[in-house]
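First comes the structure, then the notes that go with it.
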Amino acid sequence: MPEPKKSESANQELVRAVWEEARDLIKRLEGSTVQRFSVEAGDTKIEIERGMPAGASMVAAPAAAMAMPAAEDGAAGEPELDGRHPIKAPLVGTYYGAPQPGAPQFVQVGDSVEEGQTLAIVEAMKLMNQVQADRAGKISEILASDGDWVEFEQVLIYLEAAE
Amino acid sequence: MFEKVLIANRGEIALRVARACRELGVQSVAVYSTADAESAVVRFADEAVQIGPPAVGRSYLHIPSIIGAALKTGADALHPGYGFLSEDPYFAEICADEGITFIGPKPDVMEKVGDKATARQLMSAAGLPLLPGTVEPVNTLDEAHDISGEIGYPVIIKAVAGGGGRGMSVVHREEDLANLYQTTRATAQAVFKDSAVYIERYLETSRHTEIQLVCDSEGNGVYFGERDCSVQRRHQKLIEEAPSIHLNDDTRREVGEAAVRGALSVGYTGAGTMEFLLDLDGNLSFMEMNARIQVEHPVSELVTSVDLIQEQIRVAAGEKLSVTQDDVLPLHGHAIECRINAEDPDRDFAPAAGKLDVYVPPGGPWTRVDSHCYPGWTISPFYDSLIAKLIVWAPDRDRAIDRMQRALSEFQISGRGVKTTIPFHQRILDHPQFRSGDVTTDFVEQFMSEEAAAATAAG
């Protein structure tokens, strides 16, 4: 039997491991504004530089660590009915329209909002994820109520273009 | 019994679990990423929740979203399938905290058996045979040198947290030890976030033999015979069969009883698999325990007439196993499974995913296809390349091979860019060595070099 090339296969495995880690990161960074990162283990290092997809708006980088932009595909490309722009749930969780029980709602129908303004919260396992406006506009409809369970990308709020 | 089970998985296994739920009269909830919105299980399950984008880190591995889906739908239990979160004790613990029954072993038991070094210690204590090697992690190169010298080369270095054929290196000569020891640790750290490794004797030629078992919470355990999974490429199984023609009834009983004893000794509940190597002299050595249902479980189902997923759900609900050891043995007939993957065997099994324009599975007597595919379904590059598990049963191995060849010849899958492992399976089944059953884990490698040599000679 031919002698297998041992060290080579071990190194290949390491390269594969690092690559998979990198690939996983690339997937996780979808929709984020991170442009460059590297993964390394031992002597193996992979550096990735991502281009921004054409037409993707530079969503304002969320200020707080837990803030998330509304689900990605709402921002670019999707045809909008009657000029209405959907704000979608960034993950599965419980919808809250106010920062805490009894507090006033973040927004009401008819309010004008700025890009990056917090519109609601989706709570998942006690983590409060802010839902932010990915563009300026006027709130035309709020579809979810406090305590509703919402799915990923469920439409929560409609915006219409500000005059 | 549970009211509603959430299936925290995708693909064929999600559908398999949903089918078991339906037969048990239990509601099922599918969870899916946006890439899987049109998947078969989403159509089949009683409810479905979209949990995230295609990237698994934000969908099938994203614990808050999965727990959220369970709470949203009021599921009282969760089936993790295989892969993804199925062997994550932390996830099992969170389920328990949220009042959701995790269909699998208790988190602390899962943690113990998931650590290969601990599992070796526990199973050795329960009387299972081990290969010469360490039961403790090897923490320094000096130690590795001493131990390898004692065991005798070749040795294999394995990640304590490893699995799926990852994080292991064979060392044939002492001079290679230092390099491979460091690389394996680095790989283990990168892949499993744990650099601990152990060392054991490496068997050049052996057969991969595994015992299927299920234990209930009343301390009953039943083994469902064994599977031979020696036809594998780079530790990825391609063909599995049950029973192994290399075990006689006495050995089967002996190792089966030891496996159940080992599992019960750690308080194991649910379905699990003990992996062994079978050497050419017929000696078995315990390798590791998998605390989940496995891809290849159907071959065991066909030779025992037991629905293992239903048993798994039953015992998780606190019920007794519905069968006793005497109901299960003797194993009847022979079953073979071929994993049909969207891969190109002629290009080193590179993924060859795409939309399935044609998908016509085989049918006929004793032919089972576990698959989530249908014409128009797209095998996504985000996930594994499994298209279907083709499983056949026959009264004996020869006739099972004939039946598998017939079924493979019927299977039609095509689409732009799509290649499958069907032709590769057909050539393996045609090989006299496979027909004879004298197959060891290096068979596929030899088979591929034989084919390459023949192609060169012909060219």
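Table for the structure above
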| quantity | calculated |
| --- | --- |
| Qualifying position, being surrounded by fewer than 19 Cβ atoms within 10 Å (Cβ to Cβ), touching a residue at least 12 places away in the same chain (Cβ under 8 Å), of a type outside the set (Gly, Ala, Ser) and more than 9 Å from chain A (Cβ to nearest Cβ), among B:Ile211, B:Ile151 | B:Ile151 |
| All positions within the range B:120-161 that are in contact with a Gly (Cβ under 8 Å, 6 or more places away or on another chain) and of a type in the set (Val, Ile, Thr) | B:Ile147, B:Ile151, B:Val155 |
| Search result, residues across the range B:46-55 that are under 18 Å from B:Leu15 (Cβ atoms) and either within 8 Å of chain A (Cβ to nearest Cβ) or polar (S, T, N, Q) (or both) | B:Val49, B:Gln50, B:Ile51 |
| Residue in the range B:172-181 that is farthest from B:Lys116 (Cα to Cα), counting only those that are at the interface with chain A (Cβ under 7 Å from one of its Cβ atoms) and buried (at least 17 other Cβ atoms within 10 Å of the Cβ) | B:Asp176 |
| Flag for B:Lys193 being at pLDDT 90 or above, among the basic types (Lys, Arg) and within 22 Å of the chain's Cα centre (by Cα) | no |
| Output for the range B:44-75, where each listed residue is under 15 Å from B:Ala18 (Cα atoms), assigned to a loop (DSSP other than H, G, I, E, B) and over 25 Å from the mean Cα position of the chain (by Cα) | B:Asp46, B:Ala75 |
| Given (1) in contact with a strand residue (DSSP E or B) (Cβ under 6 Å, 6 or more places away or on another chain); (2) buried (at least 20 other Cβ atoms within 10 Å of the Cβ); (3) not aromatic (Phe, Trp, Tyr), index of the condition B:Leu130 fails | (2) |
| Residues located in the range B:37-58, provided they are free of Cβ contacts under 8 Å to residues at least 60 places away in the same chain and under 19 Å from B:Ala388 (Cβ atoms) | B:Val42, B:Arg43, B:Phe44 |
| Extreme residue, farthest from B:Asp438 (Cα to Cα), among residues of the range B:369-411 that are within 18 Å of the chain's Cα centre (by Cα) and of a type in the set (D, E, K, R) | B:Asp384 |
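Conditions (1) in contact with a strand residue (DSSP E or B) (Cβ under 9 Å, 6 or more places away or on another chain); (2) closer than 21 Å to B:Phe44 by Cα; (3) modelled with pLDDT of 95 or more; (4) part of a strand (DSSP E or B), marked per residue:
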residue	(1), (2), (3), (4)
B:Ser322	no, no, yes, no
B:Leu331	yes, no, yes, no
B:Ile336	yes, no, yes, yes
B:Arg368	yes, yes, yes, yes
B:Lys389	yes, yes, yes, yes
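The values are calculated or read from the model by the stated rules, or taken from the named source; none is laboratory data. Everything numeric in this text was worked out from a predicted model, so none of it was measured. Positions of Cβ are backbone-derived with ideal geometry, glycine not excepted, and every protein chain shown enters the neighbour counts.
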